[in-house]
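These notes concern the structure reproduced below.
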Amino acid sequence: MNLYYVSFCAPMGWQGAAFIEAESVVAATTRADEDGISPGGNALGTAAFDFSQIPDAPKVPDHLRNRRLGREELLTLWPDAADLMEYEDHV
């Protein structure tokens, strides 16, 4: 099982992100919806990719997996995520 980064954004701004354990990117986004991790909404855009494949990616502790993270939690763990918090990146 790999770890996927899933980010949520709507026209009014970034809505959070999660590191989700799943078999594929599709399974990660489905799990985000089914487990209530995604904030939902019709205008929501989702960006997802295999975080396990990023060179020098930080280790994500178990308590930060499979739940939505806010800006401070995410940037403390992975400062590079700041570049992924724009609506245009999700549509």
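Just so you know, all these numbers are worked out from the coordinates, no wet-lab data involved. Nothing here was measured: the structure is a model prediction, and the numbers come from that model. FYI the Cβ positions are ideal-geometry reconstructions off the backbone, even for glycines, and counts take in every protein chain you see.
With the structure loaded, tell me whether Asp80 is exposed (fewer than 14 other Cβ atoms within 10 Å of the Cβ), out of contact with any helix residue (DSSP H, G or I) (no Cβ under 6 Å at 6 or more places or on another chain) and part of a helix (DSSP H, G or I) or whether it fails that test.
Answer is yes for this residue.
I need the full set of residues from region 30-79 which are within 12 Å of Ser7 (Cβ to Cβ), free of Cβ contacts under 8 Å to residues at least 24 places away in the same chain and not aromatic (Phe, Trp, Tyr), in order please.
none
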